[in-house]
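Okay, structure first, notes after.
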Amino acid sequence: MSRLLPLALIPLLIFAPETSRADSYFQQFVHYTIQARLDTENHMLIGTEEILYKNNSPDTLRQFYLHLYPNAFRNEDSALQRSYRQRYNVNLFNIPKAHRGFLDIESMSVNGSPVIPEIDDTIARIDLIQPLPPGESMTVILSFREKIRKHLGRAGYRGKQYDLAQWYPKVVVYDEKGFHPDKFEAFGEFYGEFGTFDVYLEIPHDYAVAATGLVQEGDPGWNINRAGKTSNSNKKQTGTYKTVHFHAEKVHDFAWSASPDFVVQDTTWNGVKIMSFFKRGNKKWKDTTLVHGVRALQWLSKKVGPYPYPQLSIVQALMSGGMEYPMIVLDGKVSEGLVLHEVGHIYFYGIFANDERAEAWLDEGFTSFQTGWYLEDRYGPWGKKHEWSFYEKITPQYTILEDAHRSLFPILRKGYGERLATTAEDFKNSYYTTVYVKGALFFNALRYVVGEEAFDRILKTYYERWKFKHVNEERFREVCEESSGLELGWFFEEWLHTRKKCDYRLDKIKTVRRKDEKGYRADVEIKRLGDIVMPLSLEFTLEDGSKRTYRIEGRLRTIKESFELPQKPKRAALNPQNEIMDLNLSDNFIPRRRDLQFDWPNNYYYPEDAYQIRYRPGIWYNDIDELKAGFLFQGSYMNEKAKRRLGVYYGLESERVDFSISLEKPIRLFGNNGSMSLSGYKMEGRNDITISLFLGRRKTLIHPPSHDFTIGFNFHELRNKRYVVDTEAYEEEPDVGPFINYVVDPQFDILSSRLTANLKLGRDWGGAKFDYERLATTVTFKTRAGWIPVSAGLRFFLGLVGGQMPLQQKFFLAGGGPLAQEQRFFLRSPGAIWEDLNYHQAGHGNLRGYLPGDFGVNRLFALNFEVGTQLPLGFLKKISGGIIHRVHWAGFVDLGEIMDKENPNALSARVQSLTDSGILDATLIDAGLGIRGELRFPFYNLGFRLDFPFFVNHPEVNGETDELRYRYVFSLDAAF
Ligand SMILES: [Zn+2]
């Protein structure tokens with residue numbers, strides 16, 4: 001505190017209450033007694049709740065708060081729904097009214113006196129008539145009525161299963177910061193008061209129920225569907241109910257799941273009963289889940305401390321991910337990692353109960369870290385639980401640590417990184433990546449800084465001191481400092497409270513032979529490029545293959561150190577394991593590492609420690625070159641930096657060498673990420689050079705809209721007309737000029753939408769023949785995949801070109817035209833594919849029914865509409881061994897209006913005759929049905945589209961007479 005305190009403040013300070021409570025930890029005690037009846041007809045939960053609340057704080061309480069979480073799903077105005085709208089501009093909860101949920105308090109009393117709570121969204125506030133002094137208790141009694149929502153988020157019903165989490169009026173925590181009456185929002189989880197639960201669940205007699213706590217009384221239904229029995233053998237009349245009493249201590253929440261279809265398995269480990277609840281017929285879940293449950297408890301008990309509860313239930317949940325509650329976890333899928341993560345939460349959230357909204361990293365980071373640690377410990381750096389597939393054997397795979405880096409580092413490198421210690425609702429870019437991934441890497445870095453042994457001591461001490469208590473950063477840091485003997489304030493400050501980056505470079509090494517000839521001296525220079533300071537480790541590999549590792553300080557911007565070595569060092573590496581989150585690891589090695597890879601399809605491995613060069617052979621055919629073969633080389637660091645591309649191909653018959661080349665460099669301009677690029681090719685009779693500058697503008701990573709600008713200059717010419725498929729639509733002279741492309745993705749509500757505009761100015765510079773202005777604009781709307789079973793899309797296209805343009809720059813009625821086609825090797829030159837295939841290269845007018853008679857015009861307006869659903873062809877997936885992944889059907893209509901019929905200059909004689917006969921005055925229409933499929937091969941995913949435009953209103957354009965007849969077009973791309 002400053003000594004120059006204004007005098008006026010002094011009296012205030014004298015009377016200010018004691019605010020420092022660091023040494024006076026307290027926590028409140030709560031005893032819930034809840035009776036609830038599950039009405040499966042109306043999806044209601046009707047009940048009463050008695051809360052015995054003991055005030056262990058040094059403060060007199062004048063208010064009391066309860067969470068009413070189900071109200072987040074009551075209507076569009078809830079804080080949860082508002083925060084989704086603000087954040088994503090989408091209404092994720094645009095669900096039918098009948099599927100919504102809420103929690104109403106019907107009546108309430110405090111110490112026998114009726115009170116009316118003030119309800120605001122998910123928070124009920126009660127002003128206490130009698131304030132509650134320190135050390136005193138009060139009894140709150142209420143009756144509640146809950147409408148259970150159709151499953152959404154973490155809870156609800158689907159079919160006969162009910163997953164009930166955050167379902168009862170739940171006491172808001174009072175700690176040294178006061179009450180935490182936080183409304184439930186898009187991000188952030190929970191915070192509960194420790195205590196005892198006695199819950200009496202009244203459920204249909206044929207239901208099995210899994211819950212926090214131990215059964216005291218009643219039949220939980222666990223014998224109804226013991227594993228091994230094939231069907232529900234309980235034949236009592238429907239409509240009868242049973243009551244099951246669960247009791248739990250030292251927990252801060254109570255969750256349960258009930259279904260008549262659960263199969264129940266259990267086992268015992270170290271006195272703990274481990275139970276697994278899953279749907280009948282789920283072979284994957286059977287047995288394996290119990291094994292994973294046992295392993296989780298063994299691991300956590302060994303690393304942290306004994307599992308302190310008598311029971312653990314793992315339930316096959318309705319949600320797709322997983323969610324943790326005391327003594328019970330709800331997992332959407334069977335996965336060892338997921339079981340480890342969620343059971344880990346019973347420690348890091350359950351036993352060490354932090355405020356998950358204020359410090360999500362402390363529970364999510366910790367349990368993500370321990371899950372990775374477990375998988376590495378058990379299965380090695382890749383954490384591979386199964387046999388490697390053939391594909392995995394021949395292609396490199398990310399280790400657990402590399403995988404974490406590759407999801408986080410691009411966000412940090414692009415400047416969207418956020419502080420770990422951010423309150424959940426204040427995250428703007430990357431809540432999940434920051435909290436889970438960077439959170440886990442924080443603990444990984446901590447283990448590196450303090451060392452393995454001290455880290456083990458930290459976990460044990462943390463457990464002994466803070467089990468069944470509320471933890472936070474300060475409490476955890478104190479344990480770390482005490483157990484390691486290190487001052488760690490800097491570490492917590494830099495990694496949790498700043499957005500600073502860590503980046504070191506091993507600059508140079510000079511090796512000199514010592515004068516006494518007894519070894520070598522290595523003079524090392526390291527540069528600190530980032531702002532975070534970390535202790536470094538430098539590893540030398542000597543001539544005989546042995547290694548020497550040294551810890552050095554990383555504080556200076558230029559670090560110079562000398563090392564005495566018995567032999568000449570062959571290699572040196574600075575933190576090769578990258579425990580320090582070094583954002584560019586490729587410069588941490590001398591000599592620098594190179595990675596040469598065969599470019600397998602679906603191979604997304606970009607090593608963080610090396611510059612990668614991929615190579616891929618290419619072989620195809622066209623009538624001029626005949627067999628054509630060559631290689632494509634692509635170099636980059638992490639597919640982000642220093643991107644270079646070179647393709648070289650040889651035509652066997654023509655004896656011509658073709659090539660393509662491109663260079664790209666990322667840049668930051670006006671606070672935006674972008675790139676500069678130079679590319680060119682000499683390919684099958686065409687020459688092309690493009691130079692461009694790209695800028696992507698977005699305020700945050702997730703908030704729409706995003707804007708992409710490209711400005712550039714292009715030179716294009718055709719030197720050999722023999723390579724052109726449609727010679728009537730292509731001209732040879734050079735086409736030169738600047739261009740601007742703009743793409744905006746506003747993403748509103750349930751539609752995804754996109755506007756693209758590109759403006760090209762053809763200029764007669766340097767004696768070029770063409771001089772024109774060309775504008776192409778497309779707007780598309782598509783339904784988002786998700787809760788709508790129908791997918792629909794609408795596209796508008798407007799193309800305008802004026803002046804002296806080459807034929808290939810016109811707008812084509814049926815598809816993207818020759819310039820779009822020549823970007824694909826199999827469409828570029830004659831003979832590459834079967835001529836009668838009717839390949840539809842999407843674009844421009846997209847009137848697919850007019851494909852055989854396609855031609856270009858100067859002004860074109862078009863509209864395309866598609867609607868369809870997925871075909872229930874699960875059996876095809878089965879019999880094809882998963883290759884036929886998905887099949888959709890779609891109905892489509894395309895409309896096109898040629899806006900310059902009077903000016904069909906430079907069109908072919910055929911088109912001229914169509915113009916003369918007045919056919920093109922009308923709106924051109926086609927319509928039909930099609931299927932879209934996705935094939936998944938081990939090495940390759942292939943989408944295809946087969947459209948049947950049965951109806952074409954002017955068949956004369958195609959040289960046909962019948963409007964209605966069989967026609968087809970084929971494509972590997974979506975229509976739009
Ligand atoms: Zn988690």
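The values are calculated or read from the model by the stated rules, or taken from the named source; none is laboratory data. Just so you know, these numbers come straight off a predicted model, no measurement behind them. Every residue, glycine as well, gets a Cβ built from its backbone with ideal geometry; the counts of neighbours run over all protein chains shown. Heads up: the accessible areas ignore ligands, DNA and RNA and are worked out on the full protein's heavy atoms, side chains in. Shrake-Rupley method; radii C 1.70, N 1.55, O 1.52, S 1.80 Å.
Restricting to the range 732-747, give me the number of residues that are more than 14 Å from Asn687 (Cβ to Cβ) and not aromatic (Phe, Trp, Tyr).
So the answer is 9.
Which one of the conditions (1) more than 30 Å from Asn672 (Cβ to Cβ); (2) within 16 Å of the ligand (Cβ to nearest atom) does Ala404 fail to meet, given that it meets all the rest?
Tallying (1) more than 30 Å from Asn672 (Cβ to Cβ); (2) within 16 Å of the ligand (Cβ to nearest atom), Ala404 fails exactly one: (1).
Go over the candidates Glu539, Glu579, Glu561, Glu525 one by one and state the one that is at pLDDT 95 or above and under 33 Å from the mean Cα position of the chain (by Cα).
Glu579
Pull out all pairs, ordered by first then second residue, where Cβ-Cβ is under 7 Å, the residues are six or more apart or on different chains, the first lies in the range 316-344 and is not assigned by TED's automatic domain parsing to the domain that holds Gly383, and the second is near the ligand (Cβ under 10 Å from one of its atoms) and assigned to a loop (DSSP other than H, G, I, E, B).
The qualifying pairs are Gly332/Gly321.
Would you confirm whether or not the range 311-320 contains a residue that is within 13 Å of the ligand (Cβ to nearest atom) and either under 16 Å from Val435 (Cα atoms) or more than 21 Å from the chain's Cα centre (by Cα) (or both)?
No, the range 311-320 contains no residue that is within 13 Å of the ligand (Cβ to nearest atom) and either under 16 Å from Val435 (Cα atoms) or more than 21 Å from the chain's Cα centre (by Cα) (or both).
Taking Lys333, is it touching a Gly at 6+ places or on another chain (Cβ under 9 Å), surrounded by fewer than 24 Cβ atoms within 10 Å (Cβ to Cβ) and modelled with pLDDT under 95?
Judged against the criteria, Lys333 is a match.
Is it fair to say Glu717 is within 24 Å of Gly767 (Cα to Cα) and outside any strand (DSSP E or B)?
When the stated conditions are applied, Glu717 does not pass them.
Looking at (1) modelled with pLDDT of 95 or more; (2) over 20 Å from Asp582 (Cβ atoms); (3) part of a helix (DSSP H, G or I); (4) open to solvent by 20 Å² or more (accessible area, probe 1.4 Å), which is the only condition Glu425 fails?
(1)
Could you run through the range 133-142 and say how many residues are under 27 Å from Ala72 (Cβ atoms) and either open to solvent by 30 Å² or more (accessible area, probe 1.4 Å) or part of a loop (DSSP other than H, G, I, E, B) (or both)?
The total comes to 1.
Could you give me the residue pairs with C-beta distances under 6 Å whose first residue belongs to the range 947-965 and is in the same structural domain as Ala922 (by TED's automatic domain parsing), whose second residue is of a type in the set (Asp, Glu) and crowded, with 16+ Cβ neighbours inside 10 Å wherever it lies, and which are 6+ apart or on separate chains?
Listed pairs, sorted by first residue: Pro949/Asp926; Val952/Asp926.
For the range 514-532, does any single residue satisfy the condition of being touching a residue at least 60 places away in the same chain (Cβ under 8 Å), of a type outside the set (Lys, Arg), within 21 Å of Ile580 (Cα to Cα) and open to solvent by less than 70 Å² (accessible area, probe 1.4 Å)? First the steps, then the outcome.
First, the residues of the range 514-532 that are touching a residue at least 60 places away in the same chain (Cβ under 8 Å): none.
Checked the range 514-532: no residue is touching a residue at least 60 places away in the same chain (Cβ under 8 Å), of a type outside the set (Lys, Arg), within 21 Å of Ile580 (Cα to Cα) and open to solvent by less than 70 Å² (accessible area, probe 1.4 Å).
Can you pull out the residues in the range 932-946 that are within 22 Å of Thr869 (Cα to Cα) and either touching a residue at least 40 places away in the same chain (Cβ under 8 Å) or open to solvent by less than 40 Å² (accessible area, probe 1.4 Å) (or both)?
Arg932, Gly933, Glu934, Leu935, Arg936, Asn941, Gly943, Arg945
When the range 299-330 is examined, which residues are found to be surrounded by fewer than 19 Cβ atoms within 10 Å (Cβ to Cβ) and either part of a strand (DSSP E or B) or of a type in the set (Gly, Ala, Ser) (or both)?
Across the range 299-330, the qualifying residues are Ser301, Gly305, Ser320, Gly321.
I need a count of the residues in the range 919-930 that are over 18 Å from Phe861 (Cα atoms) and open to solvent by less than 50 Å² (accessible area, probe 1.4 Å).
The qualifying residues number 2.
Would it be correct to say that Gly281 is without any contact (Cβ under 8 Å) to a residue 60 or more places away in the chain and within 16 Å of the ligand (Cβ to nearest atom)?
no
Which is within 16 Å of the ligand (Cβ to nearest atom), part of a helix (DSSP H, G or I) and out of contact with any Leu (no Cβ under 9 Å at 6 or more places or on another chain), of Gly337, Gly350?
Going through Gly337, Gly350 in turn, the sole match is Gly350.
If I go through the range 143-170 residue by residue, how many of them are part of a strand (DSSP E or B) and crowded, with 22+ Cβ neighbours inside 10 Å?
Total satisfying the criteria: 8.
Grab the strands (runs of 3 or more DSSP E) fully contained in the range 524-608, keeping just those with 2 or more residues being under 30 Å from Trp490 (Cβ atoms).
Values: elements: 536-542, 547-552, 558-565, 569-574, 594-598.
In the range 524-608, 536-542, 547-552, 558-565, 569-574 are the strands (runs of 3 or more DSSP E) which contain 2 or more residues that are under 30 Å from Trp490 (Cβ atoms).
Being of a type in the set (Val, Ile, Thr) and either closer than 21 Å to Gly350 by Cβ or open to solvent by 50 Å² or more (accessible area, probe 1.4 Å) (or both) is the filter here; which residues of the range 450-484 pass it?
Ile458, Thr461, Val471, Val479
Being part of a loop (DSSP other than H, G, I, E, B), in contact (Cβ under 8 Å) with a residue 12 or more places away in the chain and under 40 Å from the mean Cα position of the chain (by Cα) is the filter here; which residues of the range 830-859 pass it?
Ala832, Asn838, His840, Gln841, Ala842, Gly843, His844, Gly845, Asn846, Leu847, Leu851
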